[in-house]
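> Below: one structure in structure tokens.
None of the figures in this text is laboratory data; all of them are computed from the coordinates on show. Note that the coordinates shown come from a computational prediction; the quantities given were computed from them, not determined experimentally. Here Cβ is always computed from backbone atoms with ideal geometry, including for glycine, and neighbour counts include all displayed protein chains.
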Amino acid sequence: MTDSDTIPGKVQVSVDPRPWRADPDAATMGTLMQYDPRPRLRSHARGGLTVAFTRFIVDAGIDVNDLLDDAFTDARRRPGWTELSAVRGPITDRTAGSTRQIGTYLDSSGDRYFSATRHVLYQRANVVSLLDCSGWTASEDDRERSALTEMVESAWFED
């Protein structure tokens with residue numbers, strides 16, 4: 001979904017507006033939200049944050065949490081992937097499960113990127129919503145990496 005007006009609720013993420021700016025063309029890239037580094041901050045010169053939101057219908061008896069079984073697979077296929085953390089979150093009264101994965105990888109030119117990704121499932125009856133928030137940066141500064149991870153972890157859906 002790329003139009004927040006079609007979502008039965010509100011997707012939010014806490015983004016620091018000093019180093020990051022919202023990209024008004026997020027929908028044309030197939031995402032609900034996209035944040036890019038402000039050009040004047042060199043340490044954020046290469047990176048970004050995306051928020052994607054998907055809704056789908058499931059049959060009765062489907063264990064929605066099973067959808068997260070392969071959540072860590074894509075990142076682990078990246079060249080030079082070094083995993084720093086991979087956590088599967090529990091089912092709660094608000095969610096049908098979640099994941100968080102943090103690591104580094106090499107891009108096609110050999111530059112190392114830090115990556116943080118979070119998937120959260122929400123289920124109401126047979127309607128399931130998947131919130132996917134991913135951030136990446138070429139910065140090697142631990143404070144910037146930590147701030148990016150906090151932004152990714154702040155993404156939530158309120159229905």
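> For the chain, what is the mean residue ellipticity at 222 nm derived from helices alone (per DSSP H run of n ≥ 4: -39500 (n - 2.57); sum divided by total residues; nearest 500 deg cm²/dmol)? Working shown, then result.
Values: 2 runs with 17 residues, N = 159.
Helices in the chain give a 222 nm mean residue ellipticity of -3000 deg cm²/dmol.
> Follow-up question, since we're still on this one. Dividing the Cα radius of gyration by the Kirkwood radius, what Rg/Rh value follows for the range 92-159?
1.09
> Tell me, what is the percent relative contact order of the chain, built from C-alpha pairs under 8 Å that lie six or more residues apart?
It comes to 24 percent, rounded to a whole number.
> Compute the length gained on full extension between Asp159 and Met1: take 0.36 nm times their separation in residues and subtract their Cα-Cα distance, giving the result in nm to one decimal.
Additional length available on full extension: 55.4 nm.
> On to the next question. For the range 1-84, what is the convex hull volume of the alpha-carbon atoms per residue, in Å³?
Considering the Cα atoms of the range 1-84, their hull volume per residue is 160 Å³.
> Could you sort the peptides 24-31, 92-99 by per-residue average Cβ neighbour count (10 Å cutoff), highest mean leading?
92-99, 24-31
> Spelling out what I want: for every residue of the range 104-119, take phi, set θ = phi - 60°, compute 6.51 cos²θ - 1.76 cosθ + 1.60 (Karplus), and round to whole Hz; glycine and proline get x.
Couplings: 10, 8, 9, 7, 5, 9, x, 7, 8, 10, 8, 9, 9, 9, 9, 10 Hz.
> Going 7 Å from the Cα of Asp63 toward and past its Cβ, which residues in the range 85-109 have a backbone nitrogen under 15 Å from where you end up?
89-92, 96-98
> Quick check: the distance between the Cα centres of the range 97-159 and the range 1-80, to the nearest angstrom?
8 Å
> Quote the FRET efficiency, to the nearest 0.05, computed for Arg55 versus Asp16 with a Förster distance R0 of 30 Å and r equal to the Cβ-Cβ distance.
0.60
> Here's a follow-up. Averaging sequence separations of C-alpha pairs under 8 Å and six or more residues apart, then dividing by the length of the range 1-72, give the relative contact order as a whole percent.
Relative contact order comes out at 26 percent.
> Here's another thing I want to ask about it. Using only Cα atoms, find the angle between the long axis of helix 142-154 and the longest principal axis of the chain, and express it within 0 to 90 degrees, rounded to the nearest 10.
20 degrees
> Given the options Ser139, Ser129, Ser85, state which has the largest fluctuation in a GNM of the chain using a 10 Å cut-off (strictly under) for Cα springs.
Highest fluctuation among the options: Ser85.
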